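Quick note: the coordinates plus some simple rules give every number you see, no bench work behind them. Not measured: the values here are computed from a predicted model. So basically every Cβ, Gly included, is an ideal-geometry build from the backbone, and we count neighbours across all protein chains shown.
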Amino acid sequence: MTRASTALRKLAALAAAALLGVAAAPSSAHATPDPKAPKDFVALHDVDPTIIQEMRYYTEHDFMGEPVDGYKKPMCLLTRPAAQALHKAQLGLLKEGYSLKVYDCYRPQRAVDHFVRWAKDLDDQKMKAEFYPRVDKTRLFADGYIAEKSGHSRGSTLDLTVVKLPAEPTRPYVPGERLTPCYGPKAERFPDNSLDMGTGFDCFDTLAHTDDPRVQGVQRANRDLLRNALGAQGFVNLAEEWWHYTYRPELYPDTYFDFPVSRRSLTGR
């Protein structure tokens with residue numbers, strides 16, 4: 001074989017390898033686009049910009065200690081009837097010098113899947129001292145704190161509280177800071193401009209049960225204030241979490257959506 005033919009064969013082999021590499025490389029043009037929200041989902045801010053939003057799962061200040069999958073923007077998305085009912089509840093509270101504050105609204109299935117992966121990783125307990133000090137992580141599924149499906153993914157469920165106006169800002173969480181139990185006295189818990197509800201948000205503890213008999217006085221009155229304001233507009237509380245409410249009837253009682261939390265999920269309408 002001549003030197004020329006050998007060189008040609010080598011060039012041909014290199015060209016073939018290059019073509020294979022191009023074919024194997026993923027093409028952004030063919031990447032699967034994120035799903036969009038149905039037309040009857042809205043951004044809460046567009047319905048009522050006065051409701052305070054502190055979207056915890058966009059941040060590192062949650063029970064996992066990291067931003068949650070699917071939260072591309074710190075915004076509240078809801079079905080339109082739920083958002084409109086929340087607006088009516090807000091109008092009543094504003095007259096009394098209060099405002100609603102939402103922590104979480106629609107939650108994509110990919111976020112729930114993230115919770116499940118975290119719950120199965122028993123070595124990751126960096127936020128235990130604040131969010132589940134009295135619960136062994138091996139019990140999170142059995143005790144109902146983590147599940148493979150969430151009503152939030154249907155779009156009419158949200159987590160929220162009440163704030164006295166004028167609202168003081170809540171300081172940012174600093175990753176690695178000393179954690180204190182979510183069920184401790186308000187002055188010792190992570191600061192929150194919420195009324196004192198007896199525990200912080202997302203407290204994995206029986207003290208967070210809405211009607212726990214240990215919660216009395218001002219804390220009981222504050223929980224009742226939230227429940228009465230929302231109940232008058234069709235929201236139903238989850239007994240195990242004072243902050244958790246679902247608007248009834250739900251538009252999508254059997255559908256668990258997975259579009260990201262972002263303005264783009266609502267675009268095109």
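DSSP loop trypsin sites (Lys or Arg not before Pro) in the stretch 159-262 with at most 10 other Cβ atoms within 10 Å of their Cβ, which ones? Provide the component values of the computation, followed by the final result.
On the way: sites: K164, R178, K186, R189, R214, R220, R223, R227; in loops: R178, K186, R189, R214.
Loop-located and lightly packed - R178.
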Which whole-number percent gives the relative contact order of the chain, counting Cα pairs below 8 Å spaced six or more residues apart? 24 percent
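Counting other C-beta atoms within 10 Å, which of I51, I146 has the fewest, and how do the rest follow? Please report the intermediate quantities before stating the final value.
Numbers: I51 22, I146 19.
Least crowded to most crowded, the residues run I146, I51.
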Taking the Cα-to-Cβ direction at L225 and at A187 and moving 7 Å from each Cα, how far apart do the two end points lie in nm? 2.0 nm
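Give the order of R80, R134 when sorted by the count of other beta carbons within 10 angstrom, beginning with the fewest.
On the way: R80 17, R134 13.
Ordered from fewest to most neighbouring Cβ atoms within 10 Å, R80, R134 come out as R134, R80.
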Straight-line reach check, K36, cutoff 30 Å on alpha carbons, 8 or more apart in-chain or any other chain, hits among lysines -> K72, K73, K88, K101, K120, K149
Pseudo-spin-label distance A232 to A167, built 7 Å along Cα→Cβ, given in nm, is 2.0 nm
When only DSSP loop residues count, what trypsin sites (Lys or Arg not before Pro) in the stretch 34-105 have their Cβ near at most 11 other Cβ atoms within 10 Å? K39
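So for the stretch 178-269, averaging the separation of alpha carbon pairs under 8 Å that are six or more residues apart and normalising by length, what relative contact order in percent results? Before the final figure, lay out the partial values.
On the way: 87 pairs, mean separation 17.3, N = 92.
Here the relative contact order equals 19 percent.
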Give me V102, V174, V47, V116 sorted ascending by neighbouring Cβ count inside 10 Å, so fewest comes first. V174, V116, V47, V102
FRET efficiency (R263, Q216; Cβ distance; R0 51 Å; to 0.05) is 0.75
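Contact order normalised by length for the stretch 61-216, with contacts defined as Cα pairs under 8 Å and 6 or more residues apart; what percent is it?
On the way: 204 pairs, mean separation 42.1, N = 156.
Taking the mean separation of contacting Cα pairs over the length of the stretch 61-216, I get 27 percent.
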Please check: in the Gaussian network model of the chain (C-alpha springs, under 10 Å), which one of T180, T138, T161 has the largest mean-square fluctuation. T138
